Amino acid sequence: MKVCKMPVCKKETFNEKIVFCGEHDREFKAFLSGAKKITGGITISALVYIAKKMLDKKS
Ligand SMILES: [Zn+2]
């Protein structure tokens, strides 16, 4: 099993194709639908999403 890519999250992913746990995958999909301008594919998008979440936590 793979573990969610979100640094603070230790939950397992549902399958090998997704990088986040169920909770974060849902948020990530919502984030993608609101951020269509991100280029570079799913990996870059995931990193941007993680960075955004980290920044949100600090404020
Ligand atoms: Zn997670």
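Coordinate-derived values only; no laboratory data. Just so it is clear, the model here is predicted, and its values are computed rather than measured. Virtual Cβ from ideal backbone geometry, glycine too; neighbours counted across all protein chains shown.
One line per residue, one yes/no per condition, for (1) more than 17 Å from ASP56 (Cβ to Cβ); (2) more than 8 Å from the ligand (Cβ to nearest atom):
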| site | (1), (2) |
| --- | --- |
| CYS4 | no, no |
| LYS11 | yes, no |
| ASN15 | yes, yes |
| PHE20 | no, no |
| PHE28 | no, yes |
| SER33 | yes, yes |
| GLY41 | yes, yes |
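Being assigned to a helix (DSSP H, G or I), within 16 Å of the ligand (Cβ to nearest atom) and loosely packed, with under 10 Cβ neighbours inside 10 Å is a condition met by at least one residue of the range 45-57.
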